[in-house]
Amino acid sequence: MTVVHAVIGGSGFYSLGDDFRIDRCEKPETPFGRTSAEIQLGRWGEHDIVFLPRHGEIHQIPPHAINYRANLWALQAVGVTHIFAINAVGGITPDLPPQTLALPDQIIDYTSGRAHTFFDGNRQDIEHIDFTLPYSKTLRDSIIAAGKSAGIDLVGTGTYGCTNGPRLETAAEIRKMGKDGCNMVGMTGMPEAALARELSIEYATIALVVNWCAGIEASVLDMEQIKKVLADRIDSVKSLILATLERVTR
Ligand code: HPA
């Protein structure tokens, strides 16, 4: 099988930048409706790559309204086998201050009301996928090894708690999530990771911590500060993906 890598961009990550040469764009109709944006296919440095911004080109789609099924189905339809999912998160535990890059290895799903499966009873086959380890071990290992050799610091484990949003959490909700074992909190990790598994796509999240979660620090959450961290750190995220691509395609 031909390996095709994709990047799903999250908040603050709406393009792969000037080094990305787009060869063609596709906006496939899917059985689940429209994707968040056109799917861009092209070359990034030496690598074939596919890119899709999950919030749309200008962040017009909130986390609960993203058509995750259309996005994943369409990525597979253009041949994608591996996905780097980029997710902005808040940090709960002391190892995850703002600016940190982290590779979660577990998920707790607190979302509701999202179309979260391809096996919804409307198709013939029902499958109960194994989701013990929600992220691809091979892709995670490659990213961690690439980070190490490229000198890009990252935290290699952690539990990602996915809330529904779009509001941020209360301090009590974060206290509870911390007790549940969450290290970081975001709004877009699910059902994306589970849908990727349903389609047998290798999927790993690169989380960028953009703030301390509610109540961890005395100050109120500041959107300008969050935007600044995104702007400051997005190049490191891109370098990490490129370093991984170098490693897995050489
Ligand atoms: N909570 C939920 N989602 C987020 C946060 C947060 O604090 N920061 C970035 N995405």
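The values are calculated or read from the model by the stated rules, or taken from the named source; none is laboratory data. All of these numbers come straight from a predicted model, not from anything done at the bench. All Cβ positions, glycine included, derive from the backbone under ideal geometry; neighbour counts span all protein chains shown. These accessible areas exclude ligands, DNA and RNA; they are computed on the full protein's heavy atoms, side chains included. Shrake-Rupley method; radii C 1.70, N 1.55, O 1.52, S 1.80 Å.
Quick notes on this one:
- Accessible area (Å², per residue) of the chain, counting only protein heavy atoms and a probe of 1.4 Å: 46
- Taking GluC sites (Glu not before Pro) across region 147-235, the ones in a DSSP loop with at most 13 further Cβ atoms lying within 10 angstrom of their Cβ are GLU217.
- With only Cα atoms counted, region 106-202 has Rg and Dmax values of 15.6, 48 Å.
- Antiparallel content of DSSP bridges confined to the chain, in %, to 5: 40
- Residues HIS64 and MET1, FRET efficiency given R0 of 51 Å [Cβ-Cβ distance, rounded to 0.05]: 0.95
- Between region 15-86 and region 189-250, the C-alpha centres lie 16 angstrom from each other.
- Amide H partners (placed H, <5 Å) of ILE83, local residues excluded: ALA6, GLU202, TYR203, ALA204
- Region 4-70 shape via C-alpha gyration tensor axes, a/c threshold 1.5: oblate
- For region 1-132, the carbon plus sulfur part of the accessible surface works out to 49%, probe radius 1.4 Å.
- Prolate/oblate/rounded label for region 1-116 (Cα gyration tensor, a/c 1.5): oblate
- nm² value of the averaged projected area, convex hull over the Cα atoms of region 89-147: 6.2
- Dividing the helix sum by the residues of the chain, where each DSSP H run of 4 or more adds -39500 (n - 2.57), gives a mean residue ellipticity at 222 nm of -8500 deg cm²/dmol.
- At full extension, LYS179 and ARG21 could sit 52.4 nm farther apart than now, given 0.36 nm per residue minus the alpha carbon distance.
- Only helices reaching 20 angstrom along their own axis (Cα) with mean Kyte-Doolittle hydropathy no lower than 0.0 count here, and for the DSSP H runs of the chain these are 223-249.
- Computed magnitude of the charge dipole of the chain (debye, nearest 20; Cβ of K, R +1, Cβ of D, E -1): 80
- Sparsely packed trypsin sites (Lys or Arg not before Pro) within region 139-230, loop by DSSP, other Cβ within 10 Å at most 14: ARG167
- Loop chymotrypsin sites (Phe, Trp or Tyr not before Pro), region 106-192, which have at most 14 other Cβ atoms in a 10 Å radius of their Cβ (DSSP): PHE119, PHE131
- With a simple spin-label model that places each label point 7 Å from the Cα along the Cα-to-Cβ direction, the separation between ILE152 and LEU221 comes to 2.5 nm.
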